[in-house]
Number of protein chains: 4
Amino acid sequence: MLKTATLLIDCPDRKGIVAAIANLLLQLDANILHADQHQDIELGLFFMRVEFALDTATCDEAAFRARFAPLATEFRMDWRLHFADHKQNVAIFVSGYLHCLADLLHRQQTGEFACNLSMIVSNHTSAQPLAEFYKVPFYHMPVTAATKDEVEDRQIELLRANHVDLVVLARYMQVLSPKFVDAFPQQIINVHHSFLPAFTGARPYHAAFARGVKLIGATSHYVTADLDEGPIIEQDVVRVAQNDQLAGLVEKGRDLERLVLSRAVRWHLGHRILCYANKTVVFT
Amino acid sequence: MLKTATLLIDCPDRKGIVAAIANLLLQLDANILHADQHQDIELGLFFMRVEFALDTATCDEAAFRARFAPLATEFRMDWRLHFADHKQNVAIFVSGYLHCLADLLHRQQTGEFACNLSMIVSNHTSAQPLAEFYKVPFYHMPVTAATKDEVEDRQIELLRANHVDLVVLARYMQVLSPKFVDAFPQQIINVHHSFLPAFTGARPYHAAFARGVKLIGATSHYVTADLDEGPIIEQDVVRVAQNDQLAGLVEKGRDLERLVLSRAVRWHLGHRILCYANKTVVFT
Amino acid sequence: MLKTATLLIDCPDRKGIVAAIANLLLQLDANILHADQHQDIELGLFFMRVEFALDTATCDEAAFRARFAPLATEFRMDWRLHFADHKQNVAIFVSGYLHCLADLLHRQQTGEFACNLSMIVSNHTSAQPLAEFYKVPFYHMPVTAATKDEVEDRQIELLRANHVDLVVLARYMQVLSPKFVDAFPQQIINVHHSFLPAFTGARPYHAAFARGVKLIGATSHYVTADLDEGPIIEQDVVRVAQNDQLAGLVEKGRDLERLVLSRAVRWHLGHRILCYANKTVVFT
Amino acid sequence: MLKTATLLIDCPDRKGIVAAIANLLLQLDANILHADQHQDIELGLFFMRVEFALDTATCDEAAFRARFAPLATEFRMDWRLHFADHKQNVAIFVSGYLHCLADLLHRQQTGEFACNLSMIVSNHTSAQPLAEFYKVPFYHMPVTAATKDEVEDRQIELLRANHVDLVVLARYMQVLSPKFVDAFPQQIINVHHSFLPAFTGARPYHAAFARGVKLIGATSHYVTADLDEGPIIEQDVVRVAQNDQLAGLVEKGRDLERLVLSRAVRWHLGHRILCYANKTVVFT
């Protein structure tokens, strides 16, 4: 049976990497569907993404891993292998603003994302009708300063029990603790409503309006322990019109947030993102 | 004789401003060629730019000013009147990178700017051939920490002696002192090679590369005493390609710098910019 | 009672128009909230949009119209007056692709459009669940070559019976007859999935892919009797990635379609669009 | 001695291509600096660009070609090999508008292009001062309907005598005959001042203004016998402001022309472009 898989590699750059990988794929009779590579010249690092079709009757996933492991050791690779028939489980966290959620739900319905939407988690109830319409389990989990620690424990447990692979913060207005972030390394994507690193923190549209910038932006990024400092996945901007008041910026910004968050989710689910040195390599 | 003039106004917003201005222009038999207005609703401010044609045989500049003054007092206006036949004098300051200078010189030659290029001032000599080719007086004024104060005095004197209306810092790598800045309020335009307020200070491309942003930007702004904090005139961005190393960012950035600086200069010379609250209103 | 109204004017350009309008508004004690004007210098035309607040206790809509009419006659104006408290009725026509519909429905729910969604009309049934979720009446009206004429008659009747002010074709895959178009002049907005005038007609993404363009676009426009030839309201583009196959263009294009259609609807509902010479003036 | 070379390949897609190339490079002790590949899935084509460093003491260009030839035959490859130390010779053709020329000359001076500027050819004399300033040989070759055939013969001879590798039409307002075009296949780059395929032919800004588009564009492309129909290399657009008259479009368009033409030249000189099916693959 022909299966599609994606291999993601990063390792120190040296001669022979591409030949070694290409030869192994050829020996295993794999058909390369798409390959992309990237180098960080300054740091001497090599990154590769290969998408290939494999006949699992002759070489299944375990066999592939066994064959690949020695090569990975030889070249000191960090590597991940993903078979396309494994659908990833995604949880969306949201608060009161629902535009990103509504957008993600519709994209999922139209087949833009290859994933299961496992759950929507919210500290509000306003997302519940959308969750029901799109038939995604909804968990209302209010958070206060006093309960935050305990609520996060329950959230982590819930995510693990459902084998969630990716947590999407779709304008979730709670700062996650290091404990939560550490439990899902490079598995939490947030959208920040500014062109980072400009306007970190709260109320970025207000800050952008006060500073008088001529373009506003939005940024999707992996969440790390440092707020708004994680590896940037995607950014986009839109021009401010002379007559835009603050409300106009917020309205235009919503469109940007939808775009940069949905692209980040699509790329993550397509195994197109590698992280290093607090940056991302995105193979688009 | 028919002359074109531009009137720039800002004042507290209240009823009757537009009617008062339009009536006066009608009484003076002026023909409105273009009018634009803007309000800052939160601050209750009104801004207007009117371009009109006036028969100076029946109403010359002095007469116009005399007729307009009482109205300005009544509405508590700040106002500026510019006749298009007064060509502004522009000085360009530059250091070692000449791409913005070469661009400005060619634009001036093709008639894009309505100005006289009075001089090019540089702490290097590399700009001299371009200055000679375009027949613009060139002043080599090297600067050291020890001589900076004295050099600035000579520069201010030189600018004043030549009735310079606008100083363009086209990648001039010296920080101007408050003394210099105060001598030319809202008459100094700088280009900063980042999307402000991100990456203020030195080496912004290096900082952008290190942070892993997905777009790089450039910003033109009026110079104030606070470095990189003056009113933003124009910004633009370009997408970083995955394979761009630092040198690629610098190269792409040069195109942005040319664009945002030349737009700022064109708009300033066209009397299209009003400053308030450390922001700009640009009537494009 | 204070009411907000918008006045849209186009007329031959001549001295005194702005003064006449501003004076009348001042006499009626109207407070100008926003004013914008535009000239087509070649054709000698003047366009204006004024948004103002009016105390209808002293001057109601009928009184305003009576006072304005002589001035309009004098300056040979075409003019339209809209009071903001009159909510416009909007019908959305859709076929099998629902991304624009879902987007419009969510925007309406978040208050981005000041309108009533009167109905969704479709030649398919797939939009019905969305219609029900957002509580908008749904009309399934299948069309064949044989029934088209009769179906259009029923649609026109339905739209008129519901006092529909704007028909939005959100990827409605039926060409409207001149009879239909003439029944709603400048009241039908379509989205075409190309950067018009490039790639008119059917399957524009296929044509764009075949031609090898480096950017793809989408266009929203008023519908006229000539297919894809009506006045353009808004356009936007996005860069094609080297690896994009046809499906990638279609996916990226959906985001553009949503953006340009929703902007057109918002501007139309905000009375921000004037048509002349098969073009639009958009006061943003 | 270590030399950098670029290999460009297109061939039918099949298993083993990447392994074969990578193995050969490894055997020749070449160090891959950068590799990029692309597939046209529908047409079953494979494209690759490999940049590598080679020790020419052990394997010189002739040796490399001899080793590569059998592999190319086996995989039915079209291939080109370029050593970076061979500087390409470039001719710029220009008429009355000099903005693209001035831009290219300055970029060349700052080291942005790895080439020799062999000559500037013009049917006008206005470019002569720029040519002299940048020390590029200038040929004034006026063209009339009567002399065109003979002038083209002389131009072809001149280009061949100077071993010109690339002809850049920097707003050259003469249509080249098939004879000329055939003499330099995929070696002539033109800039067209519209977003092709919209507004082909003469006066595209006029046509764009008349149609009322909301964005204007520019396109760089290889010249083929069909005017404006050659493979597109790069395109970009800029937003039209409501108040832009025709002259404003022309002015904004000049910036686009400079950008898309200079990018095309840089990519061509960097051996980053492959043509097939009247399209380009650009490895950026």
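Ignoring ligands, DNA and RNA, what percent of the 1.4 Å accessible area of the protein assembly as shown is carbon and sulfur?
Values: 23320 of 43690 Å².
So the carbon and sulfur contribution to the accessible surface is 53 percent.
Distance between the 7 Å Cα→Cβ label points at C:THR125 and A:ALA247: 4.1 nm. Cα centroid separation, region A:242-256 to region D:28-49: 43 Å. Under a model in which nothing but the beta-carbon of Lys, Arg (+1) and Asp, Glu (-1) is charged, region A:2-83 shows a dipole of about 160 debye around its Cα centre. Contact residues in region C:37-53 (at least 20 Å² less accessible area with all protein chains than alone, 1.4 Å probe): C:GLN37, C:HIS38, C:GLN39, C:ILE41, C:GLU42. Ligands, DNA and RNA excluded, the heavy atoms of A:TYR97 present near 120 Å² of accessible surface to a 1.4 Å solvent probe. Shortest first, C:PRO185 label-point distances to identical copies amount to 5.5, 5.7, 6.9 nm, with the label point at 7 Å from Cα along Cα→Cβ.
Contact order normalised by length for region B:88-282, with contacts defined as Cα pairs under 8 Å and 6 or more residues apart; what percent is it? Numbers along the way, then the final one.
Numbers: 349 pairs, mean separation 39.8, N = 195.
Relative contact order for region B:88-282 comes out at 20 percent.
Between the residues A:ASN116, A:LEU249, A:PHE93, the greatest Cα displacement towards the positive end of the dipole of region A:88-282, with unit charges on the Cβ of Lys, Arg, Asp and Glu, is found for A:LEU249. Taking all protein chains together and a 1.4 Å probe, the residues B:HIS86, D:HIS140, B:HIS99 rank B:HIS86, D:HIS140, B:HIS99 from largest to smallest accessible area. Note on B:THR224: accessible area is roughly 50 Å² with a 1.4 Å probe, heavy atoms of protein only.
Keeping every protein chain in place, order D:LEU117, A:LEU101 by accessible area at 1.4 Å, biggest value first, i.e. largest first. Walk me through the numbers before you get to the answer.
Values: D:LEU117 30, A:LEU101 0 Å².
Descending accessible area places them as D:LEU117, A:LEU101.
Accessible area per residue (1.4 Å probe, heavy atoms of protein chains only) ranks C:GLU112, D:GLU150 as D:GLU150, C:GLU112, with the largest value leading. Helix D:148-161 and the longest principal axis of the C-alpha atoms of chain D enclose an angle of approximately 40°.
State, in square angstrom and to the nearest 100, the accessible area buried between chains D and B, both chains counted, probe radius 1.4 Å.
1800
If you sort the three axes of the alpha carbon gyration tensor as a ≥ b ≥ c, you get a/c of 1.5 or more for region B:177-240 and a/b above b/c, which makes it prolate. Ignoring lysines fewer than eight residues from A:LYS179 along the same chain, the ones with Cα atoms less than 20 angstrom from its Cα are A:LYS148.
Chain C versus the axis that turns it onto chain B: the residue with the nearest Cβ and the distance in whole Å amount to C:ALA22, 2. Accessible area per residue for chain B is 38 Å², calculated with a 1.4 Å probe on protein heavy atoms, without ligands, DNA or RNA.
Taking the charge dipole of chain A about its Cα centre, with +1 at Lys and Arg Cβ atoms and -1 at Asp and Glu Cβ atoms, the residue from A:TYR134, A:ALA207, A:THR4 reaching farthest to the positive side is A:ALA207.
Each copy carries a label point for A:ASN162 at 7 Å from Cα along the beta-carbon vector; from one copy to the others these points are 3.6, 6.8, 6.8 nm apart, nearest first. Of the cross-linked pairs A:LYS252/B:LYS252; B:LYS279/C:LYS279; A:LYS214/C:LYS87; A:LYS252/B:LYS3; A:LYS214/A:LYS279; B:LYS87/B:LYS214, those separated by over 30 Å at the C-alpha level are B:LYS279/C:LYS279; A:LYS214/C:LYS87; A:LYS252/B:LYS3; B:LYS87/B:LYS214. Label point of D:ARG65 (7 Å along Cα→beta-carbon): distances to the other copies' equivalent points are 5.0, 7.6, 8.4 nm, sorted ascending. The overall shape of region A:1-113 is oblate: from the C-alpha gyration tensor, with semi-axes ordered a ≥ b ≥ c, the ratio a/c is 1.5 or greater and a/b is no larger than b/c. 3J(HN,Hα) couplings calculated from phi for region D:235-242 with the Karplus curve 6.51 cos²θ - 1.76 cosθ + 1.60 (θ = phi - 60°) are, in sequence order, 9, 8, 9, 9, 6, 7, 7, 3 Hz; Gly and Pro show x. The residues neighbouring C:SER194, those whose beta-carbon lies less than 11 Å from its own, together hold a net charge of 0 under the Lys/Arg +1, Asp/Glu -1 convention.
Taking the Cα centre of region C:196-282 as origin and assigning +1 to Lys and Arg Cβ atoms and -1 to Asp and Glu Cβ atoms, the resulting dipole is close to 200 debye. Interface burial in region A:203-232, defined as at least 30 Å² less accessible area with all protein chains than with the chain alone at a 1.4 Å probe, covers A:PHE209, A:ARG211, A:GLY212, A:VAL213, A:LYS214, A:LEU215, A:ILE232. DSSP assigns beta bridges within chain B; of those with both partners inside it, close to 70 percent run antiparallel.
Take the Cα of C:ARG154, step 7 Å toward its Cβ, do the same at B:HIS163, and the gap between the two points is 7.8 nm. With respect to chain D, whose longest principal axis is taken over its alpha-carbon atoms, helix D:17-27 is tilted by about 70°. Give the residue from A:GLN155, A:VAL260, A:TYR222 lying farthest towards the positive end of the charge dipole for chain A; charges sit on Cβ (+1 for Lys and Arg, -1 for Asp and Glu) and the dipole is referred to the Cα centre. Selected residue: A:VAL260.
Let me know the shape class of region B:88-282, please: from the alpha-carbon gyration tensor, a ≥ b ≥ c as square roots of the eigenvalues, rounded when a/c is under 1.5, otherwise prolate if a/b is greater than b/c, or oblate.
Working: a/c = 1.44, a/b = 1.40, b/c = 1.03.
Taking the square roots of the gyration eigenvalues as a ≥ b ≥ c, region B:88-282 is rounded.
Using the Cβ-Cβ distance between C:ASP226 and C:ASP78 with R0 set to 25 Å, the FRET efficiency from 1/(1 + (r/R0)^6) comes to roughly 0.70. When only alpha carbons are used to place a centre, region A:85-121 and region D:140-189 end up 57 Å from one another.
Computed about its Cα centre, the charge dipole of region C:88-282 is approximately 460 debye, with only Lys, Arg, Asp and Glu carrying charge at their Cβ.
The values are calculated or read from the model by the stated rules, or taken from the named source; none is laboratory data. Bear in mind that the values here come from a model prediction, so they are computed numbers and not experimental data. Reconstructed Cβ throughout: ideal geometry from the backbone, glycine too, with neighbour counts over all protein chains shown. With ligands, DNA and RNA removed, areas are computed over all heavy atoms of the protein, side chains included. Shrake-Rupley method; radii C 1.70, N 1.55, O 1.52, S 1.80 Å.
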